[in-house]
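Heads up: the structure comes next, in structure tokens.
The values are calculated or read from the model by the stated rules, or taken from the named source; none is laboratory data. As the structure is a computational prediction, the values presented were derived from the model and not from experiment. As a convention, Cβ positions derive from the backbone with ideal geometry for all residues, glycine included, and neighbour counts pool all protein chains shown. Only protein heavy atoms, including side chains, enter the accessible area calculation; ligands, DNA and RNA are left aside. Shrake-Rupley method; radii C 1.70, N 1.55, O 1.52, S 1.80 Å.
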Amino acid sequence: MSRRPATVAASLLAVLALGAVSACSSNSGSTTASSGGTPTVKLMVGGIDKQIYLPYQLAQNLGFYKKYGVDVQLSTEQDGGVGAEEAMASGQVDMAGAWYNHTIEFQAKGKAVEDVVQLSGAPGEREMCTKKSGVTSGADFKGKTLGVTDLGSGTDTLTQFLAAKKGVKTSQFHRIGVGAGSTAIAALQNGKVDCVMTTQPTVAAIQKKGVGTSAIDLATTQGATAAMGGAYPAASVLARTDWVDAHKDTVQKVVDALVATMHWINSHSAADIANKLPVSFVSNQLVTKADYITALTEDKGQFLPDGIMPAGGPKTSLATEQLVGNVKGSVDLSKTFTNDFAVQANKTEGFKTTTTPAGPTG
């Protein structure tokens with residue numbers, strides 16, 4: 001089962017799969033050269049219309065992939081389908097837009113996968129709870145029913161971690177999969193769950209309907225640090241280490257484009273960003289464009305300005321995996337990420353970096 005954050009309503013994803021993003025090929029994800037010798041890269045994102053994953057599509061719409069000399073073919077994972085990170089690991093695509101923690105899990109399973117550029121320092125999630133739940137922290141999870149995307153997902157891991165940090169065992173509360181979007185909202189409305197962990201734009205829809213409020217903030221770097229003890233690197237670009245080693249020039253082009261995108265995000269308003277995204281991302285059955293902009297303004301702090309893995313981030317992620325029992329053996333964090341491509345991208349463009357980079361030990 002893929003460990004990934006929640007995806008939005010299936011109907012919206014179906015539209016996106018037909019329109020804004022390219023369908024993922026069933027053939028091998030080997031990089032090829034398109035006309036003119038431009039390398040082509042297949043990149044699958046774990047829910048491309050979600051705010052936490054907006055940089056991948058934004059880079060496309062800003063023309064940055066083309067500017068830096070790479071043809072990036074974007075696709076999005078579907079509910080019930082293969083996860084972006086699994087598609088990458090199996091060679092269906094070259095890269096995955098997914099959470100950094102997968103690199104740690106892959107290493108524990110004997111697979112070499114690395115993070116080549118870090119886009120966020122927080123999961124972008126919020127624990128949305130009904131007022132009667134009385135939940136304000138993981139200490140209040142005892143006896144509650146908590147909604148996650150699906151059992152084994154990234155939201156499931158984080159939910160267990162928040163509880164464990166407060167000494168609450170998984171046997172003391174109940175977890176159920178509720179998806180995201182309309183299904184997550186319905187679970188709160190119908191009293192099926194006390195809380196649900198989810199991201200924007202579902203968070204904004206829950207707040208607008210008045211069925212839940214944000215009890216725990218994991219949506220911003222500051223909030224994640226307060227709740228988890230440090231920055232939690234989430235959205236990133238993952239690739240198999242052997243593929244990276246064989247395509248370093250191509251990887252650099254992809255990272256150049258995304259680093260430029262992160263600086264663009266940092267220097268523009270939420271409204272500016274929304275105006276550059278597909279209409280179906282920012283105005284749909286969940287939210288209006290005004291709602292989307294308000295939500296992005298609130299949670300924009302999750303995005304790192306320069307694509308660099310922050311100091312302490314890998315250690316926080318590893319501690320999370322160990323505490324919930326996903327990883328039990330030793331892990332060499334130096335092999336799970338690299339800042340080399342991001343450092344070079346910032347240097348090439350003369351961008352000022354503000355993120356303190358993680359060292360080999362995380």
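Every condition in (1) of a type in the set (Asp, Glu); (2) more than 22 Å from Ala98 (Cβ to Cβ); (3) in contact with a helix residue (DSSP H, G or I) (Cβ under 9 Å, 6 or more places away or on another chain) is met by Asp249 except one, and the failing one is (3). Filter segment 43-75 down to the residues that are open to solvent by 10 Å² or more (accessible area, probe 1.4 Å) and of a type in the set (Ser, Thr, Tyr) and list them by number. Listed by number, the list holds a single entry, Tyr68. Quick check on segment 163-181. Is at least one of its residues crowded, with 19+ Cβ neighbours inside 10 Å, closer than 28 Å to Asp49 by Cα, of a type outside the set (Gly, Ala, Ser) and touching a residue at least 40 places away in the same chain (Cβ under 8 Å)? Checked segment 163-181: no residue is crowded, with 19+ Cβ neighbours inside 10 Å, closer than 28 Å to Asp49 by Cα, of a type outside the set (Gly, Ala, Ser) and touching a residue at least 40 places away in the same chain (Cβ under 8 Å). Scanning segment 218-233 for residues that are open to solvent by less than 10 Å² (accessible area, probe 1.4 Å) and within 16 Å of Asp115 (Cβ to Cβ) turns up at least one hit. Checking the structure you have, find out if any residue of segment 23-42 is surrounded by fewer than 15 Cβ atoms within 10 Å (Cβ to Cβ), within 24 Å of Leu286 (Cβ to Cβ) and modelled with pLDDT under 55. Yes, segment 23-42 contains at least one residue that is surrounded by fewer than 15 Cβ atoms within 10 Å (Cβ to Cβ), within 24 Å of Leu286 (Cβ to Cβ) and modelled with pLDDT under 55. Flag set for Thr155, criterion: within 30 Å of Val255 (Cβ to Cβ) and open to solvent by less than 20 Å² (accessible area, probe 1.4 Å). Residues in segment 82-94 include at least one that is open to solvent by 10 Å² or more (accessible area, probe 1.4 Å) and modelled with pLDDT under 95. Looking at segment 189-217, which of the residues that are aliphatic (A, V, I, L, M) and touching a strand residue (DSSP E or B) at 6+ places or on another chain (Cβ under 8 Å) is surrounded by the most Cβ atoms within 10 Å (Cβ to Cβ)? Of everything passing the filter in segment 189-217, Val196 is surrounded by the most Cβ atoms within 10 Å (Cβ to Cβ). Evaluation of Asn266 against the conditions (1) at pLDDT 95 or above; (2) farther than 22 Å from Thr356 by Cβ shows that the sole unmet condition is (2). Being among the aliphatic types (A, V, I, L, M), in a helix (DSSP H, G or I), more than 30 Å from His247 (Cβ to Cβ) and in contact with a helix residue (DSSP H, G or I) (Cβ under 6 Å, 6 or more places away or on another chain) is a property that Ala164 has. Where strands (runs of 3 or more DSSP E) fall wholly inside segment 37-139, the ranges with 3 or more residues that are closer than 20 Å to Val196 by Cβ are 125-129.
Would you check which residues across segment 133-151 are small (Gly, Ala, Ser) and exposed (fewer than 15 other Cβ atoms within 10 Å of the Cβ) and list them?
Gly134, Ala139, Gly143 - these are the residues of segment 133-151 that are small (Gly, Ala, Ser) and exposed (fewer than 15 other Cβ atoms within 10 Å of the Cβ).
Results for (1) modelled with pLDDT of 95 or more; (2) of a type in the set (Ser, Thr, Tyr); (3) more than 24 Å from Tyr292 (Cβ to Cβ), shown as yes or no for each residue.
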position	(1), (2), (3)
Ala231	no, no, yes
Thr241	yes, yes, yes
Val244	yes, no, yes
Lys253	yes, no, yes
Ala257	yes, no, no
Met262	yes, no, no
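If only residues of segment 336-346 that are touching a strand residue (DSSP E or B) at 6+ places or on another chain (Cβ under 7 Å) and not in a loop (DSSP other than H, G, I, E, B) are counted, the one that is surrounded by the fewest Cβ atoms within 10 Å (Cβ to Cβ) is Phe341.
Restricting segment 140-149 to residues that are out of contact with any Phe, Trp or Tyr (no Cβ under 9 Å at 6 or more places or on another chain) and not in a strand (DSSP E or B), which is nearest to Gln172 (Cα to Cα)?
Asp140
Of the residues screened, Gly229 is one that is touching a helix residue (DSSP H, G or I) at 6+ places or on another chain (Cβ under 9 Å), in contact (Cβ under 8 Å) with a residue 40 or more places away in the chain, of a type outside the set (Phe, Trp, Tyr) and on the phi > 0 side of the Ramachandran plot.
Residues in segment 102-130 that are open to solvent by 10 Å² or more (accessible area, probe 1.4 Å), under 20 Å from Ala227 (Cα atoms) and not polar (S, T, N, Q): Arg126 alone.
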